[in-house]
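The values are calculated or read from the model by the stated rules, or taken from the named source; none is laboratory data. All values derive from a computational prediction rather than experimental measurement. Here the Cβ positions follow ideal geometry from the backbone for every residue, glycine too, while neighbour counts run over all protein chains shown. Ligands, DNA and RNA are excluded from the accessible area calculation, which covers all protein heavy atoms including side chains. Shrake-Rupley method; radii C 1.70, N 1.55, O 1.52, S 1.80 Å.
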2 protein chains.
Amino acid sequence: MPRPSEPTRERIIQAANSLFYSEGIRRVSVDEVAAKAGLTKRTLYYHFKSKDDLVAAYLAARDQPNLALFRKWFAEAEGGLPVKVEAIFKNLARSARHPKWKGCGFLRTSAELANMPGHPAIRIGAAHKKKFEDWLRAAFAEQRIADPLKLARQILLLLDGSFAVVLLHRDASYMETAGEAARTLIETALAKPGRKRG
Amino acid sequence: MPRPSEPTRERIIQAANSLFYSEGIRRVSVDEVAAKAGLTKRTLYYHFKSKDDLVAAYLAARDQPNLALFRKWFAEAEGGLPVKVEAIFKNLARSARHPKWKGCGFLRTSAELANMPGHPAIRIGAAHKKKFEDWLRAAFAEQRIADPLKLARQILLLLDGSFAVVLLHRDASYMETAGEAARTLIETALAKPGRKRG
DNA sequence: TTGTGTATATTCACTGGTTAGTATACATAG
DNA sequence: CTATGTATACTAACCAGTGAATATACACAA
């Protein structure tokens with residue numbers, strides 16, 4: 001039945017997402033992804049050039065939804081900048097307590113592919129993190145903050161640190177600790193001189 | 001020639017360390033480790049029960065030297081607590097600029113084995129990080145800091161975050177940014193009330 | 001000094017299983 | 001009847017772990 005086509009590609013990416021995220025890139029075979037998507041490996045290779053290509057597609061598909069979620073948490077929190085940023089960490093802690101949580105797919109992939117710096121999947125992950133960093137920087141720039149880029153990077157360090165630490169210790173409370181640190185850093189930056197910005 | 005014995009085990013661990021750290025656990029075969037150590041796979045299996053056992057030994061061997069290095073950097077820096085902690089990040093940035101640097105072996109292993117929470121290697125990694133956290137907590141407790149454990153954890157989040165971020169972006173300057181954040185957090189904690197401690 | 005047994009250490013060759021990727025054929029839609 | 005899409009069956013390589021044999025060092029006896 002050669003019906004689907006476009007939906008097929010999407011179905012493969014969904015299967016890849018589920019398997020690669022929960023078990024890692026190298027532990028999951030192309031056959032397993034195909035089986036989960038309900039088709040054969042040969043069909044998968046019709047839609048994707050190689051496994052690396054599939055890995056890249058898996059991460060590319062996580063980019064937008066992930067960022068959207070962070071923006072939503074930020075927007076929904078009522079209060080100033082410190083409160084809004086801390087809300088991201090609080091929501092993340094809630095996610096991290098679910099049993100299927102396995103950290104950040106981008107970071108785990110970059111750890112698995114650490115010896116292939118130019119790999120497409122790593123470039124996608126780096127771009128994802130840069131997007132988040134830039135969004136934060138813009139949010140900080142709208143307030144009286146002296147060095148919005150530096151502060152955005154510090155928050156990102158706490159965020160990615162909490163992914164790593166919580167994955168290792170399986171203790172989501174570190175995420176709330178990271179949130180407090182983020183609040184402290186933002187409050188300190190707000191208290192300093194700082195030039196304006198619209 | 002059945003000469004060596006004890007040195008042999010050490011030689012295998014050195015080979016494993018070099019290969020596992022630079023290429024990852026799953027990308028390196030037991031044969032490759034044996035070849036690098038200058039012996040056959042069968043001999044390796046005489047000294048280690050399984051590959052998992054070898055992985056655990058590889059991480060266990062990194063534990064002490066790693067902690068010693070951090071303590072050395074901390075002790076050598078002249079100044080107060082904020083300066084000493086920031087020195088760790090500065091030295092780490094220097095290491096991270098070497099081309100063979102591949103992040104933190106413990107964190108990368110935990111990312112690779114994310115779906116095996118009970119794996120010996122993960123327990124060793126978690127214990128390693130806890131040791132560092134506790135050492136920092138003790139150092140903070142000697143000063144007038146209200147919640148030394150919380151502060152130690154915040155520094156660790158920055159540290160592990162910088163491993164992850166620098167590995168992804170290949171930009172070691174994030175480590176210096178993390179060091180500045182650490183300094184800010186410590187200075188803030190020192191400025192607050194806080195009870196004493198000997 | 002010389003012979004002998006035993007625990008230690010090492011090798012060769014193999015098994016059983018997995019895996020990324022492909023050659024070829026077939027089915028359906030328009 | 002041709003593009004597109006799917007399946008069967010295969011290749012060639014890799015890989016964790018093992019069976020069986022062997023070599024050495026050393027303790028101890030003769």
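Inspect segment B:150-159 for any residue being within 10 Å of another protein chain (Cβ to nearest Cβ) and open to solvent by 20 Å² or more (accessible area, probe 1.4 Å) and give the result as yes or no.
Yes, segment B:150-159 contains at least one residue that is within 10 Å of another protein chain (Cβ to nearest Cβ) and open to solvent by 20 Å² or more (accessible area, probe 1.4 Å).
Assess whether A:Ala172 counts as being under 19 Å from the mean Cα position of the chain (by Cα) and facing another protein chain (nearest Cβ under 10 Å).
No: the conditions fail for A:Ala172.
Assuming A:Trp101 fulfils every condition listed in (1) open to solvent by 10 Å² or more (accessible area, probe 1.4 Å); (2) within 22 Å of B:Val166 (Cα to Cα) apart from one, which condition is it?
(2)
Could you tell me which residue of segment A:12-50 is farthest from DNA strand D (Cβ to nearest atom), considering only residues that are farther than 29 Å from B:Ser110 by Cα and basic (Lys, Arg)?
By that ranking, first place goes to A:Lys49.
Checking the conditions here, which among A:Ile145, A:Ile88, A:Ile186 is open to solvent by less than 10 Å² (accessible area, probe 1.4 Å), in a helix (DSSP H, G or I), over 21 Å from A:Asp63 (Cβ atoms) and more than 10 Å from chain B (Cβ to nearest Cβ)? Don't jump to the end; show me each part of the working.
Details: A:Ile145 fails: in a helix (DSSP H, G or I); A:Ile88 fails: over 21 Å from A:Asp63 (Cβ atoms).
Result: A:Ile186 is the single residue among A:Ile145, A:Ile88, A:Ile186 that is open to solvent by less than 10 Å² (accessible area, probe 1.4 Å), in a helix (DSSP H, G or I), over 21 Å from A:Asp63 (Cβ atoms) and more than 10 Å from chain B (Cβ to nearest Cβ).
Of the residues A:Ser5, A:Ser29, A:Ser18, which is at pLDDT below 95 and over 19 Å from A:Gly161 (Cα atoms)? Can you show your working first?
On the way: A:Ser29 fails: at pLDDT below 95; A:Ser18 fails: at pLDDT below 95.
Just a single option satisfies the conditions, and that option is A:Ser5.
Of everything in segment A:35-66, what is within 9 Å of DNA strand C (Cβ to nearest atom) and within 22 Å of B:Ala114 (Cα to Cα)? Give them in sequence order.
A:Lys51, A:Asp52, A:Leu54
Have a look at A:Leu113, A:Leu136 and point out the one that is touching a Gly at 6+ places or on another chain (Cβ under 9 Å) and in contact (Cβ under 8 Å) with a residue 12 or more places away in the chain. Walk me through how you get there before you give the answer.
On the way: A:Leu136 fails: touching a Gly at 6+ places or on another chain (Cβ under 9 Å).
The conditions single out A:Leu113.
Determine, yes or no, whether A:Ala178 is within 12 Å of chain B (Cβ to nearest Cβ), closer than 22 Å to B:Leu185 by Cβ, open to solvent by less than 10 Å² (accessible area, probe 1.4 Å) and of a type outside the set (Val, Ile, Thr). If you could, list the steps in order and put the result at the bottom.
Working: within 12 Å of chain B (Cβ to nearest Cβ): yes; closer than 22 Å to B:Leu185 by Cβ: yes; open to solvent by less than 10 Å² (accessible area, probe 1.4 Å): yes; of a type outside the set (Val, Ile, Thr): yes.
The answer is yes for A:Ala178.
Could you identify the single residue in B:Ser29, B:Ser50 that is of a type in the set (S, T, N, Q) and within 14 Å of another protein chain (Cβ to nearest Cβ)?
Answer to the selection: B:Ser29.
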